[in-house]
Amino acid sequence: MSWPVLSVKDLTITYNSSAGLVPAVRGVSFDLAVGESLGLAGESGCGKSTLANSLLRLLPEGTVTSGEVTIDGQDLFALSPGGLRAVRWTTGAIVFQGALHALNPVQTAGRQVREPMHVHETVASDDEARVRSRQLFERVGLSANLLEAYPHQLSGGQRQRVLIAMALACDPQLLIADEPTTALDLMVQAQVLALIAELREESSLSLIFITHDLSVLTCVADRLAIMYAGRIVEQGPSMDVFQNATHPYTKALAAAFPTIGDPASRKAPSGLAGDPPTPGALPSGCPFHPRCPLAEDRCRTIEPDLRSSGQGREAACVLI
Ligand code: ADP
Ligand code: MG
């Protein structure tokens, strides 16, 4: 029997920027069971990082959220600052997008891995933190002598492993990885993905893995959720969704094979012409209709809800 470590209900997130309101996430709901892995995909600007950051309340001040998020049985939006501190790192930890630049250049890797253990008092002494950081380095496939290395002495793949070790430092139940392999070359990307798959096998770690590359997700995710213009437009078991997409947007994403390391394919991983709409200027009806090869008249007026399309799958398209 598995229960949700995370439950998201009708979550809406609106940034309050100088240029006006930005409705970046619009009514997203999903549950994540203990030990389950959810892959979140979609082009740049569809709201993936906003959603990820909101799950540990890491959004800029002034951002307006509505809906419900329950993490390990606790109401996220009702948590006190102390309660929130306890949840971050120990219940849920995040490896940020662009995290290769997130390490402090003037501190050793080991010190940065020990820090969350001290802040969250998950260890009784610095000796214990050192023992645990050696174990964590071993777990992520790094040699213990790299604990004394500074970030500039590490390769991109090694730095990404340090960040994963840091995220695991307080033994979280949930790991959120926001495009952790995007900046890495093909070989290193494969190694980091294998590492994440191994970590999941060893423990009951729940995972949210974000990328714009659907094929990557089939290796690490049990379930896929595809985002477009701030909403989930399709979700279901990952192989089913990848091999037999129902939403025209997912079909376009699944048909495209991004060239790793090519910034152009990162920007337009779908092979579709044009860009997703900006949140402040959504088209009427289905936000995908201007790019959809199958769009009909009704698509210009109706924004479809996510509905069951059978066998644990859901899609938001009037044609399905
Ligand atoms: P993704 O991770 O899918 O690329 P993001 O969640 O980063 O998408 O962004 C979703 C939308 O929110 C984009 O239009 C982006 O420009 C906007 N956005 C992101 N962060 C902010 C912010 N701090 N203030 C205002 N708008 C933002
Ligand atoms: Mg992002």
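Does Lys48 satisfy being buried (at least 19 other Cβ atoms within 10 Å of the Cβ), charged (D, E, K, R) and at pLDDT 95 or above? Walk me through it before giving the result.
Numbers: buried (at least 19 other Cβ atoms within 10 Å of the Cβ): yes; charged (D, E, K, R): yes; at pLDDT 95 or above: yes.
Taking the combined requirement at face value, the residue satisfies it.
Name the strands (runs of 3 or more DSSP E) wholly within region 1-115 that hold at least 3 residues that are in contact with a strand residue (DSSP E or B) (Cβ under 7 Å, 6 or more places away or on another chain) and among the hydroxyl-bearing types (Ser, Thr, Tyr)?
Values: elements: 4-17, 20-33, 37-41, 64-71, 92-95.
Counting at least 3 such residues, we get 4-17, 64-71.
Against the condition modelled with pLDDT of 95 or more and surrounded by fewer than 18 Cβ atoms within 10 Å (Cβ to Cβ), how does Ser284 come out, does it pass?
Details: modelled with pLDDT of 95 or more: yes; surrounded by fewer than 18 Cβ atoms within 10 Å (Cβ to Cβ): yes.
Taking the combined requirement at face value, the residue satisfies it.
Which numbered condition trips up His152, out of (1) more than 30 Å from Ala33 (Cβ to Cβ); (2) assigned to a loop (DSSP other than H, G, I, E, B)?
For His152, the failing item is (2).
Residues Ala93, Ala102, Ala86, Ala78: which one is in contact (Cβ under 8 Å) with a residue 12 or more places away in the chain, on the phi < 0 side of the Ramachandran plot and over 18 Å from the mean Cα position of the chain (by Cα)?
Details: Ala93 fails: over 18 Å from the mean Cα position of the chain (by Cα); Ala102 fails: over 18 Å from the mean Cα position of the chain (by Cα); Ala78 fails: in contact (Cβ under 8 Å) with a residue 12 or more places away in the chain.
Checking each option against the conditions leaves just Ala86.
Which one of Ser29, Ser37 is away from ligand 1 (no atom under 11 Å from the Cβ), touching a Gly at 6+ places or on another chain (Cβ under 9 Å) and farther than 30 Å from Glu148 by Cα? Show your work before the answer.
Working: Ser37 fails: touching a Gly at 6+ places or on another chain (Cβ under 9 Å).
Matching residue, one of Ser29, Ser37: Ser29.
With Leu224, Leu217, Leu193 as the choices, which residue is surrounded by fewer than 21 Cβ atoms within 10 Å (Cβ to Cβ) and either part of a loop (DSSP other than H, G, I, E, B) or in contact with a Ser or Thr (Cβ under 9 Å, 6 or more places away or on another chain) (or both)?
Numbers: Leu224 fails: surrounded by fewer than 21 Cβ atoms within 10 Å (Cβ to Cβ); Leu217 fails: surrounded by fewer than 21 Cβ atoms within 10 Å (Cβ to Cβ).
Among Leu224, Leu217, Leu193, only Leu193 is surrounded by fewer than 21 Cβ atoms within 10 Å (Cβ to Cβ) and either part of a loop (DSSP other than H, G, I, E, B) or in contact with a Ser or Thr (Cβ under 9 Å, 6 or more places away or on another chain) (or both).
Six or more apart or on different chains, Cβ under 9 Å: which pairs go from a residue in region 49-74 that's charged (D, E, K, R) to one that's more than 9 Å from ligand 1 (Cβ to nearest atom) and assigned to a loop (DSSP other than H, G, I, E, B)? Could you list them?
Arg57/Leu79; Asp72/Thr91; Asp72/Gln173
What's the total number of residues in region 27-70 that are away from ligand 2 (no atom under 15 Å from the Cβ) and touching a Pro at 6+ places or on another chain (Cβ under 8 Å)?
Here the count works out to 5.
The values are calculated or read from the model by the stated rules, or taken from the named source; none is laboratory data. Small disclaimer: the values here were computed from a predicted structure and weren't measured. Counting neighbours? That spans all protein chains shown, and the Cβs are built from the backbone with ideal geometry, glycine included.
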